[in-house]
Amino acid sequence: MKTLFKIIGYVVTLLIIIGFYRANTLYVDTQYYPDNDTKKVAVNINKAINNFSKAIKIPTVSKDYPTPVTPEPFLAFHQHLADSFPIVHNFAHRKIINQYSLVYKFAGTDDSLKPILYMGHMDVVPIDEDTLNKWSYAPFSGTVAQGNIWGRGAIDDKSTVMALMEAMEISLSKGDAPKRTLYFAFGHDEEVGGSQGAKKIAEYFKQQGVNFEFVLDEGGLITEDMISIVDQPLAIIGIAEKGFMNIRLTAERPGGHSSMPPENTGPGILAQAIVKLEQKKFPTTAKYTNITFDAIGSHSDLTTRFVMANQWLTEPMIINEMLNEQRTAAGIRTTTAVTMLKGSSKSNILPTKASAVVNFRILPGETTETVLEYVKAIINDDRISYEVFMANNPSKVSSTNSIGYKLISQTIREFANDALVAPYLVMGGTDSKHFYSLTNAVYRFLMIRVTPKTMSLIHGIDEHISIENYVMSIQFFHELLRKSAFDNEAPK
Ligand SMILES: [Zn+2]
């Protein structure tokens with residue numbers, strides 16, 4: 001017995017030693033190499049704000065398909081870009097895709113450099129009529145007040161489109177052509193999936209035989225006070241995004257009068273299925289949150305570092321912690337959300353058809369097929385039929401060792417040396433998901449600082465961006481353009 005305790009004692013001691021060793025040798029965030037050339041380029045702030053405010057005034061609202069696109073605002077937006085950025089329009093070859101989306105090509109002087117694509121979207125989500133009177137400034141007024149620019153699209157995503165254009169206007173104003181060919185692509189229906197905008201743009205590039213060194217789209221930010229384990233701001237670069245899928249569950253029954261009901265009505269059968277789905281959620285994995293934790297782990301306190309560096313031991317603990325909050329729980333599994341229910345149109349009529357729509361956000365590693373299989377197996381009820389709609393697989397995972405990732409993360413460090421930079425899995429969807437056949441390096445980032453409060457403004461009431469953030473995003477793009485294309489030693 002004594003020997004057994006001794007052995008256990010040795011094993012425990014050994015585990016503790018290994019644990020601390022790993023905690024202290026955990027992957028150290030890539031060293032910061034200051035670039036002496038980095039300059040925050042001078043921006044004509046009044047002009048930039050004026051251009052941006054006008055862009056917000058144009059109500060480029062996306063409505064769900066099959067509602068047709070309202071042409072006027074998009075055409076007005078195109079014109080606004082042409083008026084605001086004459087040097088860009090003089091230099092670039094502009095191509096209109098599917099009537100409303102835009103591609104700008106800036107031909108480079110060195111053909112040996114693979115092109116880079118910078119993306120954004122011109123459309124915005126609608127304003128919920130009931131909330132209209134809750135806005136501090138009218139959502140399409142583009143009001144400049146209290147150091148902010150207010151309105152729908154101020155962050156998502158007119159900031160990207162306008163900041164990119166401002167940055168390029170400045171870059172080209174010196175009279176130099178880029179060494180590397182650059183493209184800008186601005187979709188017109190990102191908020192409803194990008195099937196008519198970004199998807200068609202990607203098809204256009206495919207026809208042209210264009211491949212990209214990397215693609216940068218919206219979808220990452222500098223977050224402050226977002227996660228408790230680090231005190232520093234965290235710049236998150238999206239390197240993958242979850243898939244999307246709706247399944248409509250339908251139970252067809254004979255119907256009839258509700259005074260003589262069967263054992264289970266259609267809605268009753270559906271309710272049982274829904275309970276099963278909510279009780280047997282998809283399996284969890286810390287695989288994708290780990291990519292973020294690995295990068296920030298070395299900057300946290302010893303306890304956190306111990307937990308992060310020893311996931312062979314602590315993974316169940318981490319998963320438990322993540323499950324406590326909706327925001328983090330979504331990062332460790334394919335999520336299940338019942339969103340729509342339909343039964344009879346009258347209280348005393350048994351429905352012949354009852355249906356429920358369940359929305360899934362799919363973790364990389366799974367597919368729309370595996371999700372459907374899982375759902376069928378869990379429900380296991382042949383009275384229910386399944387219809388899949390609006391489905392796309394999760395993206396591939398882009399490398400953090402590419403030229404693109406290095407350029408983006410280094411430039412972030414130069415502009416925000418207080419921030420930690422880490423890759424992450426994007427929970428929502430972006431237009432960039434359509435570009436994986438054109439490059440294996442797709443990243444998502446916009447250089448603005450947000451708190452949980454400003455995050456909630458995106459798609460919500462009082463969306464606004466501070467002038468400081470907007471100017472920083474212009475300077476950031478200018479620097480990224482310089483490093484990636486205008487610099488004499490643009491990386492290969
Ligand atoms: Zn967006």
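Read-outs: derived from the displayed coordinates by stated rules, not from any lab. All of these numbers come straight from a predicted model, not from anything done at the bench. Cβ coordinates were reconstructed from backbone atoms using ideal geometry, including for glycine residues, and neighbour counts include every protein chain displayed.
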Averaged over all directions, how much area does the convex hull of the C-alpha atoms of the chain cover when projected, in nm²? 29.7
May I ask you to list the aspartates and glutamates whose Cα is less than 16 Å away from that of K281, ignoring any residue fewer than eight positions away on the same chain? E325, E366, E373
Backbone HN-Hα couplings from phi across the range 127-140 [Karplus 6.51/-1.76/1.60, Hz, Gly and Pro as x]: 9, 5, 3, 5, 9, 3, 7, 8, 6, 5, 9, 3, x, 10
Length-normalised contact order for the range 324-411 - Cα pairs under 8 Å, 6+ apart - percent: 23
Listing V215, V275, V375, V357 by rising number of other beta-carbon atoms within 10 angstrom, fewest first, gives V275, V357, V375, V215
Set Lys and Arg Cβ to +1 and Asp and Glu Cβ to -1, take the dipole of the range 240-392 about its Cα centre, and tell me which of I384, I318, H257 lies farthest positive. H257
Given pairs K242/K287; K114/K174; K158/K199; K63/K453; K57/K158; K206/K433 and cut-off 21 Å on Cα-Cα distance, the over-length ones are K114/K174; K63/K453
Set of lysines with alpha-carbon distance to K353 below 24 Å, sequence-local pairs under 8 removed: K276, K342, K376
Take every DSSP beta bridge whose two residues both sit in the range 240-392, then give the antiparallel share in percent to the nearest 5. 100
Counting Lys and Arg as +1 and Asp and Glu as -1, each charge on the Cβ, what is the dipole of the chain about the Cα centre in debye, to the nearest 20? 740
Within the chain, which DSSP H helices have Cα atoms that stretch 27 Å or more along the helix axis and a mean Kyte-Doolittle hydropathy of at least 0.5? 2-25
Let me see the pair-distance distribution of the range 192-294: every alpha carbon pair, 10 Å bin width, integer percents in order. 9, 22, 21, 22, 15, 9, 2
Restricting to Cα pairs under 8 Å and 6 or more apart, the percent relative contact order of the chain works out to 26
What do you get for trypsin sites (Lys or Arg not before Pro) in the range 138-206 restricted to DSSP loop and a cutoff of at most 10 other Cβ within 10 Å of the site's Cβ? K174
Fewest-first sequence of V397, V426 by Cβ atoms within 10 Å of each Cβ: V397, V426
Amide H contacts under 5 Å for N148, restricted to residues at least 5 apart in sequence or on another chain and with H modeled in the peptide plane, are I467
Once you keep just the Cα pairs under 8 angstrom separated by 6 or more residues, what percentage relative contact order results for the range 240-392? 48
Within 10 Å of each residue's Cβ, count the other Cβ atoms and sort T292, T3 from fewest upward. T3, T292
